[in-house]
Amino acid sequence: MAAAMGNAQSVRFWIACAVGLLGYVILAAWVPTLLPVDTSQPNAAARQGYHIGSLFPIIAGWSAVLAGAVFLASRSGLLALPGGQQPGRKAGAPPSLRGRLVEVAILVAAVFALYFPPIIVRNGPYTEDAYFLHTALRVLCGQDPYADFSFLYGPLMISLQSFWLELTGYTLENYYWLVAILNAAFFGGFLWWMQSAVPERRERIILFLLLLPALADLLMGLNYLPWRRMLPVIALLVICAGPFDWRRIAVTAGILAVSGALSYEFKAVGLISVGGVYAALLLSPAWRESLVKGPVLAAASLLGTTALVFILTNDNSLSYVNSVAHVSTRASELGLGAFRFYWTAHSLAVFALFALGLVVVGAGLGRLAKVEPTPRDLFLVGAVVFAVFSTRIAVQRADLWHMTFPAIALTLAVLLPGERRWFPIDRNIRRSAYGAVASASVFAAIGLFPTADRLVRAYADGARDVLGGEDRGVVNARLHTVLNEISDPDEAIAALAEFLAAPEYARREVYLYSSAWEAASALGACPAGYTFYDIPYSEGMRNARDDLEALSDPLVIMRARDFEALMTGEYPERRRRRWRKRDHLADRLSTVHLRQREIENQIEHEMWRDAVGQHIADSYQEVTRIGEFVILERRDRRGDAE
C-alpha cells in the first residue's frame with residue numbers, strides 16, 4: 001500500500017514538472033500578444049505586436065504559482081520527491097595535488113593557445129572587441145566614460161581595460177592579451193574548484209563541457225567574460241557553505257561588490273539570490289541569525305559597490321548614476337534592444353530545467369523547519385531564485401547569449417554531488433536534469449557554431465600569416481590604428497584613416513554616425529560626441545544634435561547607405577547574407593535574433609535619423625567618398641570664417 005502511494009506521488013511529481021513547463025510555453029507565447037502594445041516603440045518585439053515588458057512578470061508569476069501549488073500538494077500528501085528521504089550522494093575525495101595542478105596547467109595553456117594574441121590579432125577586430133577598442137581609444141584621447149561618452153557597463157570593466165592598456169600600450173594585440181589572461185584565470189580557477197566539488201574525473205569533464213557554451217567568450221568582449229556571469233554564482237556558492245560565518249559573509253559581500261562594479265544588474269540578481277537563501281532560513285530554527293546577518297551582508301555589498309564606483313569614477317560618479325538611472329528606466333521602458341521572444345529548442349530545454357528545479361524546491365519546502373540544511377540545499381534555493389530573476393536580464397534581449405545565463409546556477413545546483421536533506425535528488429531527477437542541460441548545451445553549441453567557425457577560420461589564417469611571415473598593414477593615421485596590426489587591412493578604411501591624418505584635416509573633430517563607430521580603432525582618430533553604438537541608448541539623457549553642434553569644425557563620417565537613406569527618406573536596405581543550413585538550424589533550435597535583425601536595423605536607422613541624422617542631412621554637405629564611407633562637413637563652416 002505504501003509502495004503504491006509512493007509510486008503515485010512520484011508520478012504526480014513528474015506531471016507537475018510537465019505542467020510547469022507547459023505553463024511557461026503557453027503563457028510566454030500567448031499572453032504578451034494579447035496585451036496592448038505601442039507598435040511604434042523602438043524595439044523589434046513591439047513592432048511585431050509582442051509586449052516584451054510583460055514577459056518577466058509572467059515568468060516570475062508562473063514560477064511562484066508553480067512552486068506554491070507543489071508545496072501545497074506535498075503538504076497534503078498528493079506529491080512527493082521521488083528521492084524520498086534519500087540524502088543524495090556525498091562528494092568523494094578530490095584528486096591529488098599533483099593531478100590537480102597538471103589538469104589546471106593543461107586547461108590554462110589551452111585557453112592561452114586558443115586566445116593567443118599574436119595569432120588572433122591578424123584578423124581582428126571580430127565583434128564586441130570593436131566596442132571596447134572604441135572606448136579605450138576615447139580614454140586615450142582624454143575622454144571620461146559616462147561624462148564624455150556613453151558606456152553601457154560598470155566602471156570596473158573600463159577601468160581594468162584602461163589600466164592594462166596604459167601599462168602595455170594601446171594596441172589590439174594588448175587588448176587580446178587582457179582577454180586571454182582573464183579567461184585563463186577564470187577557467188583555471190573554475191577547474192580548481194570543480195576538482196573539489198566534483199572529484200570523479202569523468203563526471204567533472206562532462207559537467208565542464210555542458211557549461212562551456214554558457215561561459216565561452218566567443219564575442220571577444222570584456223562584457224562576455226565568464227567572470228561577469230559567474231561572480232554572482234560564486235557569491236552564492238560561498239555563502240551557502242556557511243551563511244552565518246562572518247568571514248564568508250565578508251567574502252560574499254566583497255564578491256558582490258566587485259560584481260556590482262562590473263555590471264549592476266548581474267550584481268542585483270546575485271544579491272536577490274543570496275536574499276532567497278536567507279529568506280528560506282527564516283523558516284528554519286536559525287531564523288534569528290538569518291534575520292540579522294542577511295541584511296548585514298546586503299548592506300555591506302551595497303556599500304562596497306558604492307565605494308568601488310566612487311573610487312573608479314572619481315569626479316564622474318554622478319554621471320555614472322545618471323547613466324544607470326537612464327538605462328534602467330527610460331531605455332528599459334522603451335524596450336531598447338528587445339527581440340520578440342519565441343520558443344526555440346534551447347529555450348525549451350532551459351525552462352524544462354526551471355520547471356524541474358521549482359518543483360523539487362516546492363516539494364521540499366515542508367522540510368525547512370524539520371531538518372538542518374546542507375550547503376547543497378541552500379544553493380538549490382538560491383539557484384532557483386537566481387534562475388527566475390535572471391530572466392529579467394535574459395528575456396529583454398532573448399537571444400542565445402542572454403538565454404544561457406539563467407541556467408548556469410541551476411545546472412550546478414542540481415548536478416553537483418553532495419548531501420541534500422531539504423531537497424533529496426534521486427537518480428531519475430539527476431538523469432532528467434542531465435537531459436535538459438545536455439539538450440540546452442547542444443542547442444546552444446549549434447547557435448554558437450557560426451561564430452566559432454568564423455573564429456577558427458580566422459585563427460587558422462592568422463597562424464598561417466604568422467608562420468609565413470606575412471606583412472602587416474602600414475597606414476599613417478593620427479593615432480595608433482589597428483590596421484597596422486592585421487594582415488589584410490581594408491584599403492578603403494586605410495585610405496580614410498590617412499585622409500583624416502592629412503594636414504588640412506588633422507585638427508578637425510571626427511563624428512562617427514550610427515554604425516560607423518565600429519571603424520574608430522581602425523581610423524585612429526578620437527571620436528567626438530557622447531552617443532555612439534548601433535542603438536543610441538543614451539539619447540534622451542544627452543542630445544546628439546546638441547553634442548554635434550557644440551563641436552567647432554567637425555567631419556561627419558557615415559556609411560554611404562545611411563547617407564543615401566537620409567537624402568531620400570527611405571530605409572537603407574542592407575545586403576542580406578544568404579542563409580545557410582546552419583542559419584536555419586540556429587533560428588529554429590537556438591536563438592531568436594537572426595530573423596529579427598532586419599527589424600532592429602531599421603529601428604537603429606530611425607533612432608539615429610531622429611536624433612541627429614536629419615539635422616546632418618539638412619545642414620551638412622558631402623566632402624568626399626572613400627569606399628563605403630561618406631565624409632561631410634557643415635555647409636556654413638565656422639572654420640571658413642576663421
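The values are calculated or read from the model by the stated rules, or taken from the named source; none is laboratory data. Since this is a predicted model, take the numbers as computed values, not measurements. Here Cβ is always computed from backbone atoms with ideal geometry, including for glycine, and neighbour counts include all displayed protein chains. In case anyone asks, the SASA skips ligands and DNA or RNA and just uses the protein heavy atoms, side chains included. Shrake-Rupley method; radii C 1.70, N 1.55, O 1.52, S 1.80 Å.
Of note:
- Helices (runs of 4 or more DSSP H) wholly inside the range 575-621 containing at least 1 residues that are open to solvent by 50 Å² or more (accessible area, probe 1.4 Å) and among the polar types (S, T, N, Q): 597-608, 614-619
- From 212, 178, residue being crowded, with 19+ Cβ neighbours inside 10 Å and not charged (D, E, K, R): 178
- Selection of the range 239-269 for residues being of a type in the set (A, V, I, L, M), under 25 Å from residue 291 (Cβ atoms) and surrounded by fewer than 22 Cβ atoms within 10 Å (Cβ to Cβ) yields 241, 249, 250, 251, 268.
- Extreme residue, least open to solvent (accessible area, probe 1.4 Å), among residues of the range 329-343 that are farther than 28 Å from residue 590 by Cβ and not basic (Lys, Arg): 329
- Within the range 359-377, being assigned to a helix (DSSP H, G or I) and open to solvent by less than 10 Å² (accessible area, probe 1.4 Å) holds for 359, 360, 362, 364, 377.
- Taken as a whole, the condition of being under 30 Å from residue 537 (Cα atoms) and among the aromatic types (Phe, Trp, Tyr) does not apply to residue 379.
- Every residue from the range 516-539 that is hydroxyl-bearing (Ser, Thr, Tyr) and either open to solvent by 10 Å² or more (accessible area, probe 1.4 Å) or modelled with pLDDT of 95 or more (or both): 521, 530, 533, 537
- Boolean, residue 290 is more than 16 Å from the chain's Cα centre (by Cα) and open to solvent by less than 50 Å² (accessible area, probe 1.4 Å): yes
- For residue 204: the one exception among (1) open to solvent by 50 Å² or more (accessible area, probe 1.4 Å); (2) within 25 Å of residue 400 (Cα to Cα): (1)
- Every listed requirement among (1) under 22 Å from residue 12 (Cα atoms); (2) assigned to a helix (DSSP H, G or I); (3) among the aromatic types (Phe, Trp, Tyr) is met by residue 449 save one, (1).
- Which numbered condition residue 26 misses (of (1) at pLDDT 95 or above; (2) open to solvent by 60 Å² or more (accessible area, probe 1.4 Å); (3) closer than 30 Å to residue 604 by Cα): (3)
- Residues (over 22 Å from residue 165 (Cα atoms) and in a loop (DSSP other than H, G, I, E, B)) located in the range 464-486: 468, 469, 470, 471
- The condition of being within 26 Å of the chain's Cα centre (by Cα), among the hydroxyl-bearing types (Ser, Thr, Tyr) and either more than 18 Å from residue 421 (Cβ to Cβ) or not in a helix (DSSP H, G or I) (or both) does not hold for residue 284.
- Of all residues in the range 488-508, those that are part of a loop (DSSP other than H, G, I, E, B) have Cβ atoms under 6 Å from Cβ atoms of residues that are surrounded by fewer than 18 Cβ atoms within 10 Å (Cβ to Cβ), 6 or more apart or on another chain, in 508/553.
- None of 497, 477, 501, 463 is over 11 Å from residue 524 (Cβ atoms), surrounded by 14 or more Cβ atoms within 10 Å (Cβ to Cβ) and out of contact with any His (no Cβ under 9 Å at 6 or more places or on another chain) except 463.
- Total residues in the range 29-50, condition out of contact with any His (no Cβ under 9 Å at 6 or more places or on another chain), surrounded by fewer than 21 Cβ atoms within 10 Å (Cβ to Cβ) and closer than 23 Å to residue 351 by Cα: 2
- Of all residues in the range 114-129, those that are buried (at least 22 other Cβ atoms within 10 Å of the Cβ) have Cβ atoms under 9 Å from Cβ atoms of residues that are aromatic (Phe, Trp, Tyr) and part of a loop (DSSP other than H, G, I, E, B), 6 or more apart or on another chain, in 120/126.
- Of the residues making up the range 609-639, those that are of a type in the set (Asp, Glu), without any contact (Cβ under 8 Å) to a residue 60 or more places away in the chain and in contact with an Asp or Glu (Cβ under 9 Å, 6 or more places away or on another chain) are 610, 622.
- Of the residues making up the range 427-449, just one is open to solvent by 20 Å² or more (accessible area, probe 1.4 Å), closer than 30 Å to residue 369 by Cα and in contact with a Pro (Cβ under 8 Å, 6 or more places away or on another chain), namely 428.
- Reported count of residues in the range 383-406, each being more than 15 Å from residue 61 (Cα to Cα), open to solvent by 10 Å² or more (accessible area, probe 1.4 Å) and either in a helix (DSSP H, G or I) or in contact with a strand residue (DSSP E or B) (Cβ under 7 Å, 6 or more places away or on another chain) (or both), is 5.
Quick grid of which residues meet (1) within 19 Å of the chain's Cα centre (by Cα); (2) within 20 Å of residue 218 (Cβ to Cβ); (3) not in a loop (DSSP other than H, G, I, E, B):
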| site | (1), (2), (3) |
| --- | --- |
| 159 | yes, no, yes |
| 163 | no, no, yes |
| 166 | no, no, yes |
| 173 | no, yes, yes |
| 186 | yes, yes, yes |
| 191 | no, yes, yes |
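- Residue check, residue 606 closer than 30 Å to residue 637 by Cα, more than 22 Å from the chain's Cα centre (by Cα) and touching a residue at least 24 places away in the same chain (Cβ under 8 Å): yes
- Evaluating residue 602 against the criteria (1) of a type in the set (S, T, N, Q); (2) modelled with pLDDT under 95; (3) closer than 24 Å to residue 490 by Cβ leaves one unmet condition, (3).
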